[in-house]
Amino acid sequence: MTNPLQGKTAIITGGSTELAGTVALALAKAGVNICLCGKQADLLELSAKKIKESGGTIISRVTNLESLEETQTVVEQTKTAFGGLEILILISPFWSGGMIHNHNVKTWDLVMNANLREPFLMARAALPHFREQQHGEIMAIGSDSALGIYPQDGAFAVAMHGLTTLMELIRTENSEFGIRTHILSPGVAVSAPFDAEGKPNLTAEHVAEWVLWLLTRPSHLRGNSPILI
């Protein structure tokens, strides 16, 4: 059976998280070249080690992705390293919230920058390349906070709803260029496969399985709304 992901290249953000490392490993095992971006060098090195031990190919970049210049550099370095770029996966790196009437302003800015501004800048850097080559996949892995309103979710809730709107705009503006978008909105993914009562948990591996499934659907199949996991 032909492997539709073999030889493709993906940039994955939020690379210092367990979820990003798990998704990166799953894609690498499927034959995808990986560029993993994050803020913590030690965690990126751990993920890179696992991928190399599995026989996969990876470069990692310690970066804050705070400017268009930084994200454009990541795109160009990835294209140079692997000869192309087909997939961009945007992973929200952390949660923090608060009641709006006394929400910490610094926290608000940090959450919005990491979970909304960073995805915009990364998409802004990758889209011209995808449009030129007439194909590409952009996936956002956010949270079920995008599908509801929960007290004290604060900046994170706003960022997740904004991320959904960003992805829908990308889809609307770029589908004619062969660019497909996906939005995954998982609940809290934990490491333990079962909870204290023996019931199965949602794990990072489960999310990675969804990533692989979506990226291997025929190109004419296009979802329009967030998928709640």
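The values are calculated or read from the model by the stated rules, or taken from the named source; none is laboratory data. Keep in mind that this is a model prediction, so the values were computed, not measured. When we count neighbours, we look across all protein chains shown, and the Cβ atoms used for this are built from the backbone with ideal geometry, even at glycine.
List of remarks:
- Residues in the stretch 194-224 that are surrounded by 11 or more Cβ atoms within 10 Å (Cβ to Cβ) and either closer than 16 Å to ALA28 by Cβ or of a type in the set (D, E, K, R) (or both): ALA204, GLU205, VAL207, ALA208, GLU209, VAL211, LEU212, LEU215, THR216, ARG217, ARG222.
- Among the residues here, GLU137 does not qualify as surrounded by 14 or more Cβ atoms within 10 Å (Cβ to Cβ), under 13 Å from the mean Cα position of the chain (by Cα), over 27 Å from PRO218 (Cβ atoms) and modelled with pLDDT of 95 or more.
- Residue match in the stretch 90-110 (condition: part of a helix (DSSP H, G or I), farther than 23 Å from ILE183 by Cβ, without any contact (Cβ under 8 Å) to a residue 60 or more places away in the chain and among the basic types (Lys, Arg)): yes
- Condition met for ARG117 (of a type in the set (Lys, Arg), within 21 Å of VAL32 (Cα to Cα) and at pLDDT 95 or above): no
- Which listed residue is surrounded by fewer than 15 Cβ atoms within 10 Å (Cβ to Cβ), at pLDDT 95 or above and of a type in the set (Val, Ile, Thr), from VAL188, VAL158, VAL111, VAL105: VAL105
- One residue from VAL23, VAL62 being over 25 Å from VAL188 (Cβ atoms) and among the hydrophobic types (A, V, I, L, M, F, W, C): VAL62
- Checking every residue in the stretch 53-73 against the condition of being at negative phi, in a helix (DSSP H, G or I), in contact with a strand residue (DSSP E or B) (Cβ under 6 Å, 6 or more places away or on another chain) and modelled with pLDDT of 95 or more gives zero matches.
- Selection within the stretch 90-102: residues that are modelled with pLDDT of 95 or more and surrounded by 19 or more Cβ atoms within 10 Å (Cβ to Cβ). The member of this set that is farthest from ILE11 (Cα to Cα) is ILE91.
- Qualifying residue in the stretch 65-84 (condition: under 18 Å from the mean Cα position of the chain (by Cα), buried (at least 19 other Cβ atoms within 10 Å of the Cβ), over 23 Å from LEU184 (Cα atoms) and not charged (D, E, K, R)): yes
- Residue count for the stretch 122-134 satisfying the condition of being surrounded by 21 or more Cβ atoms within 10 Å (Cβ to Cβ) and either within 13 Å of the chain's Cα centre (by Cα) or under 20 Å from ARG222 (Cα atoms) (or both): 4.
- Test: ILE87 is of a type in the set (Val, Ile, Thr), buried (at least 16 other Cβ atoms within 10 Å of the Cβ) and free of Cβ contacts under 8 Å to residues at least 60 places away in the same chain: no
- Filter pass, ILE51 being surrounded by 15 or more Cβ atoms within 10 Å (Cβ to Cβ), within 22 Å of LEU215 (Cα to Cα), among the aliphatic types (A, V, I, L, M) and more than 17 Å from the chain's Cα centre (by Cα): yes
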